[in-house]
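Below is one structure; the comments refer to it alone.
Coordinate-derived values only; no laboratory data. Note that the coordinates shown come from a computational prediction; the quantities given were computed from them, not determined experimentally. Here the Cβ is made from the backbone with ideal geometry for all residues, glycine too, and neighbour counts use every protein chain on show.
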Amino acid sequence: TSQTFILKQEWPKHWPTFISDIVGASRTSESLCQNNMIILKLLSEEVFDFSSGQMTQVKAKHLKDSMCNEFSQIFQLCQFVMENSQNAPLVHATLETLLRFLNWIPLGYIFETKLISTLVYKFLNVPMFRNVTLKCLTEIAGVSVSQYEEQFVTLFTLTMMQLKQMLPLNTNIRLAYANGKDDEQNFIQNLSLFLCTFLKEHGQLIEKRLNLRETLMEALHYMLLVSEVEETEIFKICLEYWNHLAAELYRESPFSTSTSPLLSGSQHFDVPPRRQLYLPVLSKVRLLMVSRMAKPEEVLVVENDQGEVVREFMKDTDSINLYKNMRETLVYLTHLDYADTERIMTEKLHNQVNGTEWSWKNLNTLCWAIGSISGAMHEEDEKRFLVTVIKDLLGLCEQKRGKDNKAIIASNIMYIVGQYPRFLRAHWKFLKTVVNKLFEFMHETHDGVQDMACDTFIKIAQKCRRHFVQVQVGEVMPFIDEILNNINTIICDLQPQQVHTFYEAVGYMIGAQTDQAVQEHLIEKYMLLPNQVWDSIIQQATKNVDILKDPETVKQLGSILKTNVRACKAVGHPFVIQLGRIYLDMLNVYKCLSENISAAIQTNGEMVTKQPLIRSMRTVKRETLKLISGWVSRSNDPQMVGENFVPPLLDAVLIDYQRNVPAAREPEVLSTMATIVNKLGGHITGEIPQIFDAVFECTLNMINKDFEEYPEHRTHFFYLLQAVNSHCFPAFLAIPPAQFKLVLDSIIWAFKHTMRNVADTGLQILYTLLQNVAQEEAAAQSFYQTYFCDILQHIFSVVTDTSHTAGLTMHASILAYMFNLVEEGKISMTLSPANPVSNQAFIQEYVANLLKTAFPHLQDAQVKVFVTGLFSLNQDIPAFKEHLRDFLVQIKEFAGEDTTDLFLEEREASLRQAQEEKHKLQMSVPGILNPHEIPEEMCD
């Protein structure tokens with residue numbers, strides 16, 4: 001690579017004959033030739049695969065053009081070796097080099113020469129070369145152009161002919177792979193890549209030719225055989241093709257081939273011809289998907305490597321992605337023929353019940369597949385199908401003995417019912433049965449079952465909330481009343497965190513009650529249990545405050561507050577009736593525990609904060625703040641919040657925060673203040689000086705020594721600053737100048753962080769601040785005179801710092817805004833008190849000096865071009881950003897540093913955009929999105 005580094009600098013300008021020199025030298029000796037092949041391969045990678053951000057855009061283009069123009073000499077050399085050499089390592093190196101060239105060379109070299117037939121006839125069936133050859137053919141198969149149709153057909157037919165000799169169609173590829181050596185396993189993986197790439201790009205070309213039908217079917221037969229190989233990476237490659245095929249056939253005509261129940265008199269519609277062609281294959285793919293379905297993330301009960309049934313704690317993102325892709329494929333396949341999907345699933349379910357296919361793995365994959373096609377059938381078919389499924393599973397649960405068996409079946413029942421909210425909403429009797437079954441599972445102490453019961457209950461509560469507060473046909477009262485009457489019995493075996501989940505679930509139901517009086521009555525009944533314990537603790541504390549030092553009592557308080565937090569999250573604003581009931585007592589407990597904590601620290605030093613009792617006390621303080629900010633963010637009456645809830649809160653928490661030692665300050669105080677500012681906006685401007693006095697300076701002193709300590713205080717501190725800047729800007733102008741300077745220093749400190757969230761927040765605050773200042777004519781000019789050059793200098797210091805490339809867009813926006821202010825004369829006071837030239841001339845000089853001092857190796861001309869661009873491009877942010885980036889490449893090229901990270905943001909943005917477009921597409925196909933990803937208003 002040092003050779004290629006030198007080459008990139010020297011060629012083509014200082015060593016124009018490099019290509020012909022290296023080609024000429026290669027013809028003199030085979031070992032030299034092999035070495036030169038490797039140099040050419042590396043050069044190709046440097047110029048075509050890794051050039052972005054490594055060199056300026058102009059230079060990369062120049063190198064690519066030079067390589068393409070001189071490629072004929074390189075190609076002749078490769079051809080010469082491939083046709084004449086008997087030296088195996090040299091031939092192998094040449095094929096490897098060719099593989100790197102194929103993604104950029106002019107297409108004539110591929111399709112207007114003998115290259116394809118040489119690869120297939122001469123090298124594909126030689127064991128030593130078959131893998132690299134198949135990779136070359138895959139690279140060619142991936143070219144998407146319309147003109148070389150005949151050559152693509154030839155590529156396909158020749159390769160298939162060779163393949164059938166090497167790997168007869170009746171081979172059991174699954175077994176062959178399992179027993180194969182590395183090289184053979186790689187061949188099967190490369191085969192899957194070739195077929196997947198060719199069929200995705202050119203499958204339709206082959207379909208159209210009747211004489212190639214049989215060859216196409218053979219290729220699909222290979223794909224099916226390879227799909228059975230038990231190796232996830234290979235399965236993912238095959239899955240990509242099946243997903244593509246099913247989606248394409250669905251989009252051509254998005255109606256199903258099976259007739260709907262209303263039309264069952266007349267048999268099939270005319271099946272579109274392409275779909276007809278693939279029918280037999282698709283049925284096998286359906287069976288494959290159902291038998292191999294991956295585990296969805298909702299399932300918490302799994303079989304571990306030792307064959308025990310346990311609760312899963314780690315989310316395995318790889319398997320979740322696999323599940324999403326398989327699920328999407330199966331949904332498309334179901335749209336194409338749901339009768340076939342239903343037939344496969346029903347048969348497999350019968351084989352579970354009669355025992356011929358019974359195993360945990362088979363039952364799991366089947367149930368995961370059933371749960372994954374929610375929304376893809378007509379509602380009538382879905383109903384008929386689900387009734388069978390749930391009856392069979394409940395029967396299986398009765399029939400099987402043993403805790404492990406029952407736990408696996410229970411987890412599958414819960415997963416399936418959680419996936420079909422539409423069905424549950426339409427069938428009250430069934431919904432009621434399911435919820436009662438979940439209540440039963442809440443007493444089942446087997447690992448993971450109670451968790452899953454609570455998780456499923458909350459999903460159903462969110463999706464069917466209204467049905468629980470209405471009186472259903474055949475019932476005497478709404479089901480919510482039955483739940484509240486028996487709440488004691490239902491939750492008696494649950495752990496505290498499961499009780500909290502249960503309370504949140506019931507809260508969604510109560511939130512759906514629209515009659516205020518009824519709703520208030522429900523909330524009182526709902527919070528009865530926690531309130532009884534709360535009241536008794538408060539009564540005892542009134543008599544003897546030392547009860548608040550008792551570990552068990554403090555633990556109970558924490559748990560009760562957590563219940564309130566989750567309940568409030570679900571009920572929303574109406575929870576005010578419960579919050580008001582405990583509010584003042586809760587703040588008194590907060591003050592009292594704070595005093596206890598401070599006293600303990602005074603006596604035993606800061607290490608005491610790690611003790612269990614002190615930690616429990618801090619949990620109570622934290623949950624208090626969480627409850628208040630959770631309610632405020634959901635409240636809908638800012639004036640009432642500001643008048644009744646804010647004053648006692650500020651009184652309880654602000655002075656306490658300021659007085660505490662840093663280690664005992666709760667970061668939630670800062671986030672609660674930020675929430676209040678965001679929610680109340682102008683209503684709270686008057687309180688900002690009081691809030692700032694208490695929390696600003698003392699927190700800044702905790703975080704301005706380094707970039708790491710107190711990470712939570714750090715992020716919350718800047719969120720608070722951002723909230724005040726956005727909603728209460730006038731308060732900034734009202735604070736004393738010394739304090740304002742601290743605010744600005746802290747913003748600069750923020751964007752110098754390597755923690756990206758803090759740096760991004762800092763840049764946002766600065767950008768908003770600059771725009772806000774510009775609106776305040778009176779304050780603006782003195783602000784510019786005091787701070788403008790300072791800010792400019794600090795922004796340049798992060799722009800040119802490689803650990804901050806992710807912020808480039810924001811850097812560009814801020815700089816463009818600042819240079820625009822100068823250029824348009826918005827700054828009327830002179831920025832250079834020493835010699836009063838125009839501000840524009842002064843800033844040009846100032847920035848040029850700044851950069852020359854920091855990077856003495858830059859030539860004056862480079863700096864001049866750069867500074868001119870800062871003025872001429874400040875109306876066009878994308879161009880301004882490219883201008884910055886090219887300048888950074890120039891700095892880094894000189895230092896010989898790696899420049900790849902300059903495009904970090906682009907890569908992230910294009911991934912985000914692709915994700916959004918995919919989501920839009922998914923919204924349009926029934927069943928593709930998990931029912932729990934669909935926004936509430938689209939459900940009913």
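When HIS794, HIS521 are ordered from fewest to most other Cβ atoms inside 10 Å of their Cβ, what list results?
Working: HIS794 19, HIS521 14.
The most exposed by this proxy come first: HIS521, HIS794.
Could you work out the per residue convex hull volume over the alpha carbons of the range 499-597, in cubic angstrom?
Numbers: hull volume 9.1 nm³, N = 99.
Given the Cα convex hull of the range 499-597, per-residue volume reads 92 Å³.
Order of THR501, THR329 from fewest to most other C-beta atoms within 10 Å?
Details: THR501 18, THR329 24.
Arranged by neighbour count, lowest to highest, THR501, THR329 become THR501, THR329.
If I take the Cα coordinates of the range 41-172 and project them onto the principal axes, what are the three extents in Å, biggest first?
54, 37, 28
Please grab the % of Cα pairs in the range 119-261 that end up more than 25 Å from each other.
Values: 2822 of 10153 pairs.
The share of Cα pairs beyond 25 Å in the range 119-261 comes to 28 percent.
Placing +1 on the Cβ of each Lys and Arg and -1 on the Cβ of each Asp and Glu in the chain, which of ASN179, MET452, VAL518 has its Cα farthest towards the positive end of the resulting dipole?
ASN179
Based on the inverse mean of 1/r over its pairs of different Cα atoms, what is the Kirkwood hydrodynamic radius of the range 435-502, in Å?
On the way: mean 1/r = 0.0797 Å⁻¹.
It is 12.6 Å.
Express the C-alpha Rg of the range 464-529 as a ratio against the empirical globular expectation 2.2 N^0.38 Å, rounded to two decimals.
On the way: Rg = 11.9 Å, N = 66, 2.2 N^0.38 = 10.8 Å.
Dividing the Cα radius of gyration by 2.2 N^0.38 Å gives 1.10.
Per residue Cα convex hull volume for the range 130-172, in cubic angstrom?
Working: hull volume 3.5 nm³, N = 43.
Enclosed volume per residue, from the Cα hull, is 82 Å³.
Loop only by DSSP, 14 or fewer other Cβ within 10 Å of the Cβ. Give me the chymotrypsin sites (Phe, Trp or Tyr not before Pro) in the range 63-124 that pass, ordered by residue number. Mind dumping the intermediate values first?
On the way: sites: PHE71, PHE75, PHE80, PHE101, TRP104, TYR109, PHE111, TYR121, PHE123; in loops: TRP104.
Those satisfying the criteria are TRP104.
Counting only pairs 8 or more residues apart or on different chains, how many lysine pairs in the range 288-409 have their Cα atoms under 16 Å apart?
Step by step, the pairs that qualify in the range 288-409 add up to 11.
By how many nm would the segment from THR171 to ARG615 grow when fully extended, if each residue of separation counts as 0.36 nm and the alpha-carbon distance is taken off?
Numbers: separation 444, 0.36 × 444 = 159.84 nm, distance 6.44 nm.
The THR171-ARG615 span can extend by a further 153.4 nm.
Within 10 Å of each residue's Cβ, count the other Cβ atoms and sort HIS932, HIS427, HIS467 from fewest upward. Spell out each step's value before the answer.
Details: HIS932 13, HIS427 16, HIS467 21.
If I rank by nearby Cβ atoms, fewest first, I get HIS932, HIS427, HIS467.
Go ahead and estimate [θ] at 222 nm for the chain from helices alone: -39,500 (n - 2.57) per DSSP H run with n ≥ 4, summed, over the residue count, rounded to 500. Kindly include the intermediate steps, with their values, before the conclusion.
Working: 44 runs with 661 residues, N = 940.
One gets -23000 deg cm²/dmol as the mean residue ellipticity at 222 nm.
Less than 9 Å Cβ to Cβ from PRO667, Lys/Arg counted +1 and Asp/Glu -1: what total charge do the surrounding residues give? Display every interim value, and only then the final one.
Working: positive: ARG622, ARG665, ARG714; negative: GLU666, GLU668, GLU712.
Taking every other residue near PRO667 into account, the sum is 0.
Net charge near LEU277, counting Lys/Arg +1 and Asp/Glu -1 over other residues with Cβ under 15 Å of its Cβ? Before the final figure, lay out each step's value.
Working: positive: LYS208, ARG209, ARG213, ARG274, ARG275, LYS284; negative: GLU207, GLU214, GLU218, GLU248, GLU252, ASP270, ASP337.
Net of charged neighbours comes to -1.
Let a ≥ b ≥ c be the square roots of the eigenvalues of the Cα gyration tensor of the chain; is it rounded (a/c under 1.5), or, if not, prolate (a/b larger than b/c) or oblate? Don't skip to the answer; put the middle values down first.
Numbers: a/c = 2.34, a/b = 1.13, b/c = 2.06.
Judged from the Cα gyration tensor, the chain comes out oblate (a/c at least 1.5, b/c at or above a/b).
Stokes-Einstein D for the range 722-821 at 37 °C, 0.692 mPa s, Kirkwood Rh over Cα pairs, in µm²/s? It would help to have the intermediate numbers written out before the result.
Working: Rh = 13.8 Å.
Estimated diffusion coefficient is 238 µm²/s.
Within 14 Å, Cβ to Cβ, of LYS562, how many net charges do the neighbouring residues add up to if Lys/Arg are +1 and Asp/Glu are -1? Kindly include the intermediate steps, with their values, before the conclusion.
Working: positive: LYS555, ARG566, LYS569, ARG618, LYS621, ARG622, LYS626; negative: GLU504, GLU623, GLU668.
Neighbourhood net charge equals +4.
Quick one: Debye curve from the C-alpha atoms of the range 546-633, no solvent, what's log10 I(q)/I(0) at q = 0.11, 0.18 Å⁻¹?
So the normalised log intensities are -0.32, -0.75.
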